[in-house]
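Every number here is computed from the coordinates shown, using simple stated rules; none is lab data. Note that the coordinates shown come from a computational prediction; the quantities given were computed from them, not determined experimentally. Positions of Cβ are generated from backbone atoms using ideal geometry, with glycine treated the same way; all protein chains shown enter the neighbour counts.
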Amino acid sequence: MKCSLCPRKCGIDREKSKGYCGCDDKIRVARVMLHKWEEPCISGTRGSGAVFFSGCPLKCVYCQNMDISHGGAGTEITPERLGDIFSDLQRRGAHNINLVSPTQYADKIRLALDLVRGRLTIPVVYNTGGYEQPEEIEKMRGYVDVFLTDIKYFSPELSEKYSSAADYFDKAIASFKKMLELCPECILDGDGIMKRGVILRHLVLPSHRGDSIKILERVAEACDVSKIKLSLMSQYTPEFYKGDISSLKRKITTFEYDSVVKRATELGYDGYIQEKSSASSAYTPDFTKGDLI
């Protein structure tokens, strides 16, 4: 069957070869862990049950998970095994199941979730780079409780330059609206753990504070920002970038980040503002550790 899971709709028969995302028709997982470094309402005190999937529809040039998003590092598993992993993460105390970069396996993830339906009692988090299709997000209705989605770029020129996806914002904002339709407000439990809702995550890139501000403005036009959580990130880490774009060879400045924070506050966003000290490779999981369970 020709693949059309992501907006690229590359049309590759993944039973015979790999799609643009770098994946064939088998699920490949790079790491499973109790993740302590997500947003507080996701990681909590015990950790988020993160499943890092290999491959990616975007392949951003500065990706901090390059080994798995570009290189395809990981272990091949069946939907049955994935369901068992979900159950085991729950048993280990995870606050939720955190599907990291799930787009290219969405159909098989639904199968795995069907296999543990009735046994899985913790929320399912769809943790995506934002390059999605509304019709595919609709298919996650009844499967996903929390959408943790990036909106990376506003400018088509910027998204083409960094992720070869000139249509990124159009696809991301349309899919974001669909996520809000499925999860129209944030619901947290007594311990501050999100049970349902949408978190908008945005990484401020060096030299592009204007693009970040435009994203915040357009999202505020599209929805009631009091119904979502914003996770504004300062963690851009230049050591992962190996190309020749000079602006990507430095961290963002305090001025750049504070400008975006100020505009977010003016627009009424609530959520999480990352410390600039987080711009370090120390916060990137080690994908050489084989802790599949």
**Fill in**
Only one of Arg92, Arg119, Arg110 is touching a Ser or Thr at 6+ places or on another chain (Cβ under 9 Å), in contact (Cβ under 8 Å) with a residue 12 or more places away in the chain, surrounded by fewer than 20 Cβ atoms within 10 Å (Cβ to Cβ) and of a type in the set (D, E, K, R), namely Arg119
**Of the criteria (1) assigned to a helix (DSSP H, G or I); (2) in contact with a strand residue (DSSP E or B) (Cβ under 9 Å, 6 or more places away or on another chain); (3) surrounded by fewer than 23 Cβ atoms within 10 Å (Cβ to Cβ), which one Leu82 fails** = (3)
**Item:** Residue list for segment 153-180, filter: buried (at least 17 other Cβ atoms within 10 Å of the Cβ), more than 26 Å from Arg196 (Cβ to Cβ) and among the hydroxyl-bearing types (Ser, Thr, Tyr)
**Value:** Tyr153, Ser155, Ser159, Tyr162, Ser163, Tyr168
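Every residue, every condition in (1) more than 17 Å from the chain's Cα centre (by Cα); (2) surrounded by fewer than 23 Cβ atoms within 10 Å (Cβ to Cβ); (3) not charged (D, E, K, R), yes or no:
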site	(1), (2), (3)
Met1	yes, yes, yes
Arg8	yes, yes, no
Gly11	yes, yes, yes
Lys16	yes, yes, no
Tyr20	yes, yes, yes
Asp24	yes, yes, no
Thr45	yes, yes, yes
Tyr62	no, yes, yes
**Prompt:** Looking at Arg31, Arg8, which one is on the phi < 0 side of the Ramachandran plot, of a type in the set (Lys, Arg) and outside any loop (DSSP other than H, G, I, E, B)?
**Reply:** Arg31
**Request:** Would you mind telling me which numbered condition in (1) charged (D, E, K, R); (2) closer than 22 Å to Ile187 by Cβ; (3) within 13 Å of the chain's Cα centre (by Cα) Glu138 fails?
**Result:** (3)
**Fill in**
Given (1) in contact (Cβ under 8 Å) with a residue 60 or more places away in the chain; (2) part of a helix (DSSP H, G or I), Gln64 misses just (2)
